[in-house]
Structures are given as structure tokens and as C-alpha cells.
Amino acid sequence: MLVLGIETSCDETAAAVVRDGKKILSDVVYSQLVHQKYGGVVPELASREHIKTLIPVVQEALKKARVSLDRIQGIAVTYGPGLVGSLLIGLSFAKALSYSLGIPFVGINHLEGHIFAIFLEHPRLKPPFICLIVSGGHSELFLVRGKGDYLNLGKTRDDAAGEAFDKVAKLLDIGYPGGPAIDKISQKGDPLFFRFPRAFLKGSLDFSFSGLKTAVALYVLKKRSEKSSFPTADISASFQEAVVDVLVEKSIRAAVSEGVGKIACVGGVARNFRLREKFKKKAREENLKIYFPSPILCTDNAAMISACGDFRLSRGERAGLDLNAVPYAELV
Ligand code: KG4
Ligand code: ZN
């Protein structure tokens, strides 16, 4: 089956064509640049950008896949969670296309889309496994018992990991989006320069990053008020190390307590160099296997939405034209 995927939940306008949930024929992602000067996503601007770029992005995806619209057999579109205005653009477009072509469409939960990035990358990976989703909006741990069968083990109580990266980068004035900026500069820094607090929340698999963010802010503000300089690369690396320590430690704890030998790490933050490095090292020590999608499938994309759509459409699932955008949709 040829599935056209559409993803507009935040500031990426994306479309992809995937065959049988496995073979990516095209995967086009337009990352909106208008937000750069604000240091964060401006929801109203994001919606307007999606309106301008969605049709060209879909056309490009079809062209790259060398597939005409009449060969598409199903449409998968993110219906939540995300920014309501952004979600509505993709959803309305998918509905109109589905209706006019007379083909089915399904609404995809964005988090389940991220999980399907790992099935795209590692088609032979069999559940059960632990899946850590770390992105700009989410930090959640799931036990994946099967495709479509998930158990939530923990989630962030405040900031998501990616959000903490973005906010700390803004504080340090090193660019937007913050995650890649911190990743890059930290490679020249000392992760042991300053020990920022790690919130392990004893007995729970939840996360909390706001205390860490505040600790970095207090450090930076104190230095600035004293008019003394501080090494940005070292502070970035020390902050990053604290995030990575907690993410790795909790994922391993989840795998051990659930008795599974495999961990997948997905979402934008899964691109992070240090996170990948430490995960590999610790997993080896604990005799666990760790899986990542390739970088392009970590950050928001529509190939993962198509793959998930293929799974749901193949099970006979269909969405009605009354499907609404759900900004706070939960996976389970
Ligand atoms: O999955 P994603 O594209 O969007 C959401 O679903 O939120 O994730 C975006 C997040 C941003 O917060 C961005 O700063 C972060 O992923 N990110 C990174 C890296 N690349 C992207 N964080 C740390 N290191 C990176 N290399
Ligand atoms: Zn995402």
C-alpha cells in the first residue's frame, strides 16, 4: 500500500510517501525559519507557514517518490498532540484530499509516529522493548508490548528534555533551535566542569528538568551580575551531561524492572551525540541492546506518520470527516 503521510503538529511542514510501512519513497521536511528571531515557536506564525508550504511540500514528496496522486491508497495525518492551529492545517488538508480522491485517511498520534520511526529504521526489531521518546514537547517512557500496544511508565512533570535544551540555549545566547546548538558547542566543553543537579525522583520513572534549567539560569545570572565571564562550552556540556545522565539511567531502570533487553530512543533529542554515546556505553555494561533511528527520522518527519498510518489502515481503521485536532492527545 502507498501511504501519503502529513505532519504539521509544530514548526515542521512535512510530507512523505511510504510503501507498505517499510520503504521510504520520499520524506520532505520543511523546517520553518520564521521563529528563529523569537528564540521559540510562535504558534500563529507556525499556522500561517503551514498554509503557505503544505501544498508545495506534498507536491515535492509525490515528485520525489515518482508517484502520482491517483496511486496513493491512504492518507495518514497527525491529529495531536501539538499546536492546535498547526494540527488543523494538516488535518483539514488530509480530509479534503481523502474526500476528493475517495481514499481513506487515519489520524495518527504524533507520539506513536515517533515510535514508528524505530520500526522504519529497524524493521526486524520485535517488541517488547522500552521506548524513550525525547522531543521538544515530550519526555516519556513506554513499554512497547506490540505495535499499537503501549504502557506508559513515566513522563515529565514539567519541562520536556528538548524544551530544557532550547531554554538553556536561549539563556546562553547560542542560537535556535537550542538542542543542536548545545550538542555542537558541548563537544568542545568539559561535562565535569560544573555538577548541575539531576532529578532522579526516587521510586518513579517520571522526569523533571525545570530544576536543572533553573540551576543553569542561577549560575549564569550570578556570573553576569558579578560581570565575570564563564566558559559557555563547559556550562553547555555540564548541563547536557545532567540531562543525558537522567535519561539514560531511567531508561535502563525501566528495562531492568520490566525485564526487557531492548531500549529504543526516539524524538528530536535522540539526535544528540552525547546521549547516543552514553546510551551505547551503559547499555553494553548492562547487557542491553539500544536502538536509534537515523537523525532525519528522529526529528519531526512524515515518514514515521506514513509508517504508522500503514499499520492502522491495514487493520481496517478509518477516520471520519468529524475527526478533530487534539492538542493534548495522550498515547495511552
Ligand atoms: O521531535 P522534534 O522534532 O519535535 C517535537 O516533537 O517536539 O524535537 C525537537 C526538539 C527540540 O527541542 C530540539 O532542540 C531538540 O529536539 N533537538 C536536540 C538535538 N536536535 C534536536 N536536542 C539535543 N541535541 C540535538 N542534537
Ligand atoms: Zn515530534
*asked:* Please compute, over every Cα-Cα pair in the range 155-201, the percentage with a separation greater than 17 angstrom.
replied: 42 percent
_Solvent-accessible surface ranking, highest first, for R284, R19 at 1.4 angstrom_ = R284, R19
*For helix 303-314, report the angle its Cα long axis makes with the longest principal axis of the Cα atoms of the chain; keep it between 0 and 90° and round to the nearest 10°.*
50 degrees
*Would you mind checking which residues have amide H under 5 Å from A329's amide H? H placed 1.01 Å from N; only 5 or more apart, or other chain.*
G82
*Only bridges with both residues in the chain count here: give the DSSP antiparallel percent, nearest 5.*
60 percent
*Among beta bridges that DSSP assigns inside the range 126-297, antiparallel share in %, nearest 5*: 60 percent
*Mind pulling up the Rg/Rh value for the range 54-124? Radius of gyration and Kirkwood radius, both on Cα.*
0.99
*asked:* Along the Cα→Cβ direction, 7 angstrom out, place labels at F200 and H122. What is the inter-label distance in nm?
replied: 2.5 nm
*Between G261, G211, G316, find the one with the highest GNM mean-square fluctuation for the chain; connect C-alpha pairs within less than 10 Å.*
G316
*Calculated FRET value between L151 and K184, using beta carbons and R₀ = 30 Å, to 0.05*: 0.25
*Can you list which of the trypsin sites (Lys or Arg not before Pro) found in the range 54-143 are DSSP loop residues with at most 10 other C-beta atoms within 10 Å?*
R66, R124
*Burial order of peptide ranges 230-237, 54-61 (average beta-carbon count within 10 Å, highest first)*: 230-237, 54-61
*When Lys and Arg each count +1 and Asp and Glu each count -1, what net charge do the other residues less than 12 Å away from A169, Cβ to Cβ, add up to?*
0
*Quick one: pull the percentage of alpha-carbon pairs in the range 187-250 with a separation above 14 Å.*
59 percent
*What is the Rg over Rh value, at two decimals, for the range 126-297, using alpha-carbon atoms and the Kirkwood definition of Rh?*
0.99
_5 Å is the cut-off here: which amide hydrogens, built 1.01 Å from N in the peptide plane, fall below it relative to S26, excluding neighbours closer than 5 in sequence?_
V17
*Tell me, what is the percent relative contact order of the chain, built from C-alpha pairs under 8 Å that lie six or more residues apart?*
26 percent
*Residue-wise HN-Hα coupling along the range 4-15, computed from phi with Karplus coefficients 6.51, -1.76, 1.60 (Hz; x: Gly, Pro)*: 8, x, 10, 9, 9, 6, 9, 10, 10, 9, 9, 9
*Residue-by-residue Karplus 3J(HN,Hα) for the range 164-175, coefficients 6.51, -1.76, 1.60, Hz, glycine and proline x*: 5, 4, 5, 6, 5, 5, 5, 4, 7, 6, 10, x
_Can you compute 3J(HN,Hα) from phi for each residue in the range 79-86, using the Karplus curve 6.51 cos²θ - 1.76 cosθ + 1.60 with θ = phi - 60°, rounded to whole Hz and x for Gly and Pro?_
10, x, x, x, 7, 4, x, 5
_Separation in nanometres of the label points that stand 7 Å from Cα toward Cβ, at D70 and L33_ = 3.8 nm
_Taking loop as defined by DSSP and a crowding limit of 14 other beta carbons within 10 Å, which trypsin sites (Lys or Arg not before Pro) in the range 127-174 fit?_
R157
*Considering amide H positions built from the backbone, and no H for Pro or chain starts, which residues 5 or more places from F209, or on another chain, come under 5 Å of its amide H?*
R157, D158, D159
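The values are calculated or read from the model by the stated rules, or taken from the named source; none is laboratory data. Please read these numbers as outputs of a predicted model, since none were measured by experiment. Note that we place each Cβ from the backbone using ideal geometry, even for glycine, and neighbour counts take in every protein chain shown. Only protein heavy atoms, including side chains, enter the accessible area calculation; ligands, DNA and RNA are left aside. Shrake-Rupley method; radii C 1.70, N 1.55, O 1.52, S 1.80 Å.
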